[in-house]
1. Counting only residues that are within 16 Å of ligand 2 (Cβ to nearest atom) and in a strand (DSSP E or B), which one in segment 201-220 is farthest from Glu166 (Cα to Cα)?
2. Has segment 184-203 got any residue that is of a type in the set (A, V, I, L, M), under 24 Å from Thr13 (Cβ atoms), within 16 Å of ligand 1 (Cβ to nearest atom) and touching a helix residue (DSSP H, G or I) at 6+ places or on another chain (Cβ under 6 Å)?
3. Would you mind finding the one in Arg133, Arg223 that is within 16 Å of ligand 1 (Cβ to nearest atom) and open to solvent by 50 Å² or more (accessible area, probe 1.4 Å)?
4. Going through segment 226-238 one residue at a time, which ones are open to solvent by 30 Å² or more (accessible area, probe 1.4 Å) and part of a helix (DSSP H, G or I)?
5. For the subset of segment 175-200 comprising residues that are under 23 Å from Cys51 (Cβ atoms) and within 16 Å of ligand 2 (Cβ to nearest atom), which member is modelled with the highest pLDDT?
6. Can you confirm whether segment 191-210 contains a residue that is free of Cβ contacts under 8 Å to residues at least 24 places away in the same chain and within 16 Å of the chain's Cα centre (by Cα)?
7. Being buried (at least 20 other Cβ atoms within 10 Å of the Cβ), more than 20 Å from Ser213 (Cα to Cα) and more than 16 Å from ligand 2 (Cβ to nearest atom) is the filter here; which residues of segment 15-58 pass it?
8. Since Glu241 meets every condition but one in (1) within 20 Å of Leu130 (Cα to Cα); (2) open to solvent by 10 Å² or more (accessible area, probe 1.4 Å); (3) without any contact (Cβ under 8 Å) to a residue 40 or more places away in the chain, which condition does it not meet?
Amino acid sequence: MSDPDGLATEGLTKSFGGVRAVDGATVTFHQGRINALIGPNGSGKTTFFNCVTGMIRPDSGTVTYRGRDLTGRPPHRIARAGIGRSFQLCRVFPRMTVLENMLVAVRRTRLRELLVGARQAEDIAKARGLLVRVGIDHLENVEAGNLSYGQQKLLELAGVLMGDPETIMLDEPAGGVNPALIGRIGTLIRELNAEGRTFLVVEHNMDLVMSLSHHVVVFDRGRPIAEGPPAVVREDPRVLEAYLGV
Ligand SMILES: Nc1ncnc2c1ncn2[C@@H]1O[C@H](COP(=O)(O)OP(=O)(O)OP(=O)(O)O)[C@@H](O)[C@H]1O
Ligand SMILES: [Mg+2]
């Protein structure tokens, strides 16, 4: 079952020197669902994310979202189309406070309003609401560099939510995060999805992937080798071979 209205790629390809990091990937993610993208280290998941979100330009192939061609568009255009993302190696400004990080996050996506300096009070109120939501509001005045790694991931997620994306791409939200916070991240993703947000999550934590996702796509060597509901993908021999090495 594919949804022509969701995020889709056709023949997406990106090489670095001789390495085809993404190799003709044709994939459709389901709008309104929690989609997972899994695969061994180096299978091209992050490069795929970077091509979709405009961080790097694909060599060939297309990216479409809700019927619109977004191929090769710069990151702010992708954000304006309704797609927000986090990074595998968390990106917060360590010397800025938690609240300041939130305000920078929204300004990145609303440059024009930054220029007129409007909506500051509104942004602060929104930022505080989101910090409550992810459970780090008590750290509002702490420099982000002093947060635990898991708290930084929650801050990054809250920052993504400042832009009100309808689709959220998370690159290893649980990577390096302690188990208590992994539970909170999973709950947040579920709640946000229930409110109508679509997710595309790259993650190595299989318990989280299997319990969270509606749809799983498995990458190997830069392209999908299997996809389906978690229970089906988990039993797929190609997946066991490529991903689990058994
Ligand atoms: N900027 C780059 N320059 C050169 N090679 C790169 C670059 N980025 C990625 N690669 C290579 O492309 C391949 C895919 O890497 P990528 O980071 O996309 O994989 P991944 O699936 O996200 O892996 P992981 O699970 O370890 O995060 C790897 O062989 C990697 O070494
Ligand atoms: Mg990666």
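1. Looking only at segment 201-220, we keep the residues that are within 16 Å of ligand 2 (Cβ to nearest atom), and these are 201-206, 208-209, 217-220.
If we keep only those that are in a strand (DSSP E or B) as well, we get 201-202, 217-220.
Values: Val201: 14, Val202: 17, Val217: 20, Val218: 23, Phe219: 24, Asp220: 28 Å.
So, considering only residues that are within 16 Å of ligand 2 (Cβ to nearest atom) and in a strand (DSSP E or B), the one farthest from Glu166 (Cα to Cα) is Asp220.
2. Filtering segment 184-203 for residues of a type in the set (A, V, I, L, M) gives 185, 188-189, 192, 194, 200-202.
Those still in the list that are under 24 Å from Thr13 (Cβ atoms) too: 200-202.
Checking which are within 16 Å of ligand 1 (Cβ to nearest atom) leaves us with 200-202.
Now restrict to residues that are touching a helix residue (DSSP H, G or I) at 6+ places or on another chain (Cβ under 6 Å): 202.
Scanning segment 184-203, I find at least one residue that is of a type in the set (A, V, I, L, M), under 24 Å from Thr13 (Cβ atoms), within 16 Å of ligand 1 (Cβ to nearest atom) and touching a helix residue (DSSP H, G or I) at 6+ places or on another chain (Cβ under 6 Å), so the answer is yes.
3. Values: Arg133 fails: within 16 Å of ligand 1 (Cβ to nearest atom).
After ruling out the rest, the residue left standing is Arg223.
4. Taking segment 226-238 and keeping what is open to solvent by 30 Å² or more (accessible area, probe 1.4 Å), we get 227, 229, 231-232, 234-235, 237-238.
Scanning segment 226-238 gives Ala231, Val232, Arg234, Glu235, Pro237, Arg238.
5. Leu200
6. yes
7. Across segment 15-58, the qualifying residues are Gly54, Pro58.
8. Of (1) within 20 Å of Leu130 (Cα to Cα); (2) open to solvent by 10 Å² or more (accessible area, probe 1.4 Å); (3) without any contact (Cβ under 8 Å) to a residue 40 or more places away in the chain, only one is false for Glu241: (1).
The values are calculated or read from the model by the stated rules, or taken from the named source; none is laboratory data. In this text, all values refer to a predicted model and were calculated from it rather than measured experimentally. Positions of Cβ are backbone-derived with ideal geometry, glycine not excepted, and every protein chain shown enters the neighbour counts. Heavy atoms of the whole protein, side chains included, go into the accessibility calculation; ligands, DNA and RNA do not. Shrake-Rupley method; radii C 1.70, N 1.55, O 1.52, S 1.80 Å.
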